[in-house]
Structure formats: C-alpha cells, structure tokens
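A short worksheet on the structure shown next.
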Ligand SMILES: Nc1ncnc2c1ncn2[C@@H]1O[C@H](COP(=O)(O)OP(=O)(O)OP(=O)(O)O)[C@@H](O)[C@H]1O
Ligand SMILES: [Mg+2]
C-alpha cells in the first residue's frame with residue numbers, strides 16, 4: 001500500500017513556519033528586519049499580550065506596490081537577491097519566506113504605499129488563505145499587523161511562556177536591532193505602555209555611542225573602552241565594558257556581524273577570552289561589538305532565524321576580537337569604574353543634602369538590568385585565614401614616595417590606613433581609596449604570572465612534607481595535574497589511599513597553610529572539570545594561590561608599605577580590579593567632594 005501523498009500547501013507552509021516563527025519575538029524580528037531592509041528611518045511597534053494577540057510594525061520605508069504585495073506573501077519571493085547569489089547578501093532578509101511563514105500561522109494584514117501609487121493597498125493572509133489586494137488608507141511606508149499568532153497551531157501556542165516573558169523577548173529583539181541601526185528611531189509599546197523610545201541618531205561614532213548609552217545605560221556609555229580595530233578585511237568597533245562592570249550571564253554581550261545580531265558561542269568565547277583573567281570565573285563582561293566583513297567572507301544562511309553565521313576565516317575573526325579587547329584592557333588596565341566611586345560618595349553623603357545632582361546618575365531608561373548587579377559593593381574583602389606577608393619591595397621602599405608621589409602619580413600619596421583595610425591617598429585633584437587586600441591579591445597574581453613566563457616560579461621545599469586528606473575526586477584531580485602544579489611551584493605526590501603529600505609550595509606565598517591551599521586548588525580543579533583550556537586553568541589556580549598569599553584585610557601597614565603598594569599597582573597591568581572582578585581602588589575628585597558639601 002502506498003501511504004505517501006503530497007501535503008496540501010497550507011500544511012507545508014505551517015510546517016515551514018515552525019522553523020522561522022517560533023514565538024512572537026521571532027515574528028517581530030522578521031517584520032522589523034523587513035522595515036530596516038526597506039530603508040525605514042523610523043519604526044513604531046505595538047504589542048498586545050506580549051505579541052501573542054497582536055503585533056503591529058509600522059515603518060516609513062519605500063513600501064510595496066499592489067503587485068509586490070501579492071508576491072511578498074508568496075514563498076521564495078524576495079526582492080533582496082538581485083543577482084541570485086547567496087554569497088552577496090546585502091540585506092537582513094534573503095530567503096523570501098518570512099511573510100508567508102507568518103501568514104501561515106496567524107492573521108497577517110499588510111498595508112503599504114509607494115511613491116508611485118495614488119493610495120495605499122492592503123493584503124490579508126488568514127492562516128495561509130490569501131485575499132487579493134484592496135485599496136486602503138496609509139500615509140507612507142508599510143504597516144504589518146499580525147493577530148492571533150499560532151491560533152491554528154495550538155501545539156505551538158502551548159510552548160509559549162507567560163505574556164511577560166514573551167514581551168521581554170520582543171523587547172530584547174528590538175533592543176538588539178536598534179543597537180545596530182542607530183540612525184533609525186524606534187518606539188515599542190506593550191499593552192499601551194511605552195517600553196522603548198529611541199530617537200534617531202546621526203551617522204558615525206557619536207551616534208552609535210548615544211544609542212548604546214540609551215540601551216545599555218549611562219555608566220556603560222561613559223566608561224566602556226572604545227574598540228576600533230581591523231585585521232585583514234574585517235573591522236571591529238563598539239564598546240567593551242571595564243572588567244569591574246561584570247555580570248553573572250553573557251546576556252549583556254551583544255554581537256553583530258554586518259548589522260545582524262548574532263548569537264555565536266565561539267564569538268562569545270572570544271570576547272570572554274579577550275578579558276582573560278581580569279574577570280572572575282563565571283562572570284561575563286558587558287559589551288556591544290560590531291564586526292564588518294565583506295559579504296564573501298561570510299555565510300549567513302546557516303540558521304533558520306539567521307542568528308548564526310559562519311566565517312570563511314573563523315580563527316582570524318576570533319583573533320581580532322581577543323586581540324582588540326585585550327590590547328585596550330592592557331592600556332587602560334589600571335582604570336577603575338567611577339561608578340564604584342560614586343557609590344562610595346553616596347555612602348559618604350548619607351542623609352546630608354540629599355540631591356547632589358549631576359554625578360549620581362540613575363541608569364538610563366533603556367537599561368537592561370539591575371545596576372546593583374555590577375556596581376561593585378565596597379564590602380570588606382574575604383578574609384584569608386592565612387598570615388600573608390607584604391612583598392619584600394614593600395618593606396624596603398621608603399617614604400620618599402610620599403610627597404613626590406602626590407603630584408605625578410595616578411593613585412597619589414598614601415595618607416592613612418582606615419579600619420586596617422583601606423588606604424586613603426591624596427592626589428593633586430582628589431582622593432583615592434584602595435582596598436589593600438584586593439589590590440595585593442591582584443599584585444601577587446600578576447607577579448606569579450610574570451615569574452611563570454620568565455624563569456618559573458621559585459619553590460620553597462617544606463622541611464616536613466605535609467599530608468593532606470582529600471575526597472577521592474579531588475585527590476585524583478590534583479594528581480592528574482601534578483605536572484602543571486609543579487610548574488606553579490606546588491610540588492605534590494600521591495600518598496596512601498585518600499591523601500596526598502605536599503613537598504614544596506610557591507615561594508612567593510611566604511608560609512601559607514599548605515593544607516588549605518591544596519584543598520582549595522583541588523576544589524577548583526574539580527569544579528573546572530577536565531575540559532578547560534590550560535590558560536584558564538592557570539589563571540584560576542593562580543587566583544586561588546594569590547588569595548592565600550595576600551595581605552589580609554586587618555593588617556596594619558606603615559607609610560612605606562602603603563606607598564610601595566600603590567607604586568606597584570601603578571606599574572602592574574590589570575591592577576584596577578581584583579581577581580574577583582571587584583575594583584581595587586576608587587577615586588573621588590575634589591569636584592565630587594565639593595558637590596558632597598554643596599560647594600558646587
Ligand atoms: N516593510 C516592508 N517594506 C517594503 N517591502 C517589504 C516590507 N516587508 C516585506 N517587503 C517585501 O516583501 C518581500 C518578502 O518579505 P519576506 O520577509 O517574506 O522575505 P525577505 O525579507 O526577502 O527574506 P527573509 O525570508 O529572509 O526575511 C521582501 O523581499 C520585500 O521586497
Ligand atoms: Mg524578511
């Protein structure tokens with residue numbers, strides 16, 4: 001018996017639609033991309049119930065004639081591949097399937113007018129059934145209305161999340177597209193509430209910076225590092241946040257390739273790699289980065305929602321990202337975020353005069369998440385149970401750094417130590433506050449890294465080897481890495497069933513508690529798993545080691561020690577944040593202080 005038969009066209013369309021239109025946000029993405037492809041300078045969007053009931057997208061682009069309207073809702077009909085070449089894609093769309101797909105699973109009404117027509121025309125598709133174009137009223141451009149999405153595919157409807165979640169995804173899509181198209185004004189209204197209102201910006205870097213500020217917040221816009229790099233035929237520009245602005249998920253890394261928002265694990269990985277160990281494990285930077293490549297160097301036809309691309313030279317693109325970010329961080333590594341300083345000023349100002357306006361900037365309306373998440377709190381650092389010691393340099397350096405330091409150094413001359421934790425220093429035009437533990441931890445780590453690349457880390461042999469009991473998975477993890485750990489100055493070997501023997505420890509650490517050190521590293525290694533790249537492993541283990549060798553909060557320092565610490569910070573790359581991504585110091589300008597006292 002032959003059970004094979006040709007499926008009816010409407011069913012074919014519904015099946016195909018499943019690929020393109022997964023949820024309201026994916027329908028919205030297609031409609032906004034069409035508006036951008038039509039040269040719109042303004043796009044207005046309204047949603048009802050997270051887009052489930054209704055999505056309306058209006059643009060002022062070039063519009064469609066009635067003949068084009070009839071074609072636009074047919075499968076595989078596109079105006080965007082004039083030369084029929086898939087390696088010459090210059091528009092966001094190219095497949096000619098978005099509108100028929102949306103029309104197959106909703107009620108789709110498109111109204112459009114061109115400069116050649118005396119009036120607008122409207123075409124309707126209802127669950128795949130097309131009605132011919134009718135005269136209609138519209139001043140300019142195109143309006144696409146989608147109602148009752150997935151009413152005819154209840155299975156799909158069941159997979160939607162709450163209206164709130166769906167609305168959030170719609171907002172996210174529009175934000176992303178808006179970042180890549182600063183010259184276009186956007187509004188987004190959900191159930192009558194304005195969720196986004198972005199003014200059109202001028203072409204060029206300033207416009208881009210304004211748009212990114214509107215979407216990612218004023219602090220990000222003002223303090224992120226400007227990225228502008230090129231490698232062969234690829235260029236990269238945008239903003240990369242300071243490491244201190246780190247976040248718990250990669251959701252604030254926005255990547256674009258030729259104006260197309262992409263979500264690509266390997267590119268995300270490259271961004272993360274560019275930050276290297278300036279970020280703590282499990283934290284991600286904020287960044288908005290725009291790659292521009294010749295169309296030939298790229299395959300965009302690899303994902304139904306076009307959110308992934310393939311590069312002809314993937315490793316070149318990766319290097320461009322890693323190199324551009326790490327170079328900028330290296331040059332500005334000692335910077336810290338003024339936001340942290342401002343948090344501090346707010347703490348200082350207490351209930352005082354209330355609105356010292358002008359510096360306590362609230363996040364911009366379009367800001368994506370809670371600021372508190374990355375506004376590093378100035379809490380007391382983690383207490384190490386070990387008596388760390390200052391580096392020899394700190395002990396010998398005199399107070400000659402004192403007066404002279406004030407005028408020409410970044411961090412200034414140390415004036416006092418408060419609560420045995422914070423160093424307060426004076427610069428020519430302000431005050432700096434340094435978290436001594438956080439700062440020192442970073443210095444130990446950078447010193448170990450430098451020693452590693454030079455001639456290896458000096459080992460201090462233990463007179464009496466120490467026996468450390470470990471759970472079997474941890475024991476195995478450290479023994480597997482014994483060679484690697486020896487390179488870092490930690491010499492261990494197996495001992496009996498459930499223990500290891502520590503024979504030597506890194507000399508920079510002074511006299512740490514070897515048992516604690518080894519069990520912390522063991523835990524770290526188990527958590528990292530076997531798949532980590534060596535570099536990552538090194539920096540994580542170094543961070544753990546450094547924590548054990550650092551000046552505790554609570555240790556009294558003399559002037560010479562304090563100044564030596566500051567001078568070393570100034571000379572050390574990446575010393576603006578500790579190994580956990582918190583700032584190591586904050587700055588208050590005299591102007592800030594004057595504002596605090598209402599003098600300005
Ligand atoms: N807002 C609009 N303004 C002007 N023309 C439009 C608009 N939306 C769609 N079109 C026209 O309709 C055609 C079909 O749109 P559709 O989104 O289905 O396909 P596409 O954009 O060509 O490719 P893709 O399926 O990859 O999005 C487009 O090629 C374009 O010519
Ligand atoms: Mg399209």
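Between region 429-507 and region 14-33, the alpha-carbon centres lie 52 Å apart. Once you have a ≥ b ≥ c as the square roots of the Cα gyration tensor eigenvalues for region 1-78, tell me rounded if a/c is under 1.5, and otherwise prolate or oblate according to whether a/b is larger than b/c. The shape class here is oblate. If a/c stays under 1.5 just call it rounded; otherwise compare a/b with b/c (prolate if a/b is bigger, oblate if not). Do that for region 222-336, with a ≥ b ≥ c from the square roots of the Cα gyration tensor eigenvalues. Prolate. A P(r) calculated from all alpha carbon pairs of region 193-288, with 5 Å bins opening at zero, reads 3, 12, 22, 25, 20, 12, 5, 2, 0, 0 percent. Whole-percent P(r), region 8-129, all Cα pairs, 5 Å bins from 0: 2, 11, 20, 25, 22, 14, 5, 1, 0. Relative contact order for region 143-213: 21 percent, from Cα pairs under 8 Å spaced at least 6 residues apart, divided by residue count. Normalised by the number of residues in region 1-105, the mean separation of alpha-carbon contacts (under 8 Å, six or more apart) gives a relative contact order of 31 percent. Kirkwood hydrodynamic radius of region 100-240, from the reciprocal of the average inverse Cα-Cα distance over all distinct pairs: 18.4 Å. The mean sequence separation of alpha-carbon pairs under 8 Å and at least six residues apart, normalised by the residue count of region 233-298, gives a relative contact order of 56 percent. When Rg and the Kirkwood radius Rh are both evaluated on Cα atoms of region 164-216, their ratio Rg/Rh stands at 1.00.
Read-outs: derived from the displayed coordinates by stated rules, not from any lab. Note that the structure is predicted; figures quoted are calculated from it, not measured.
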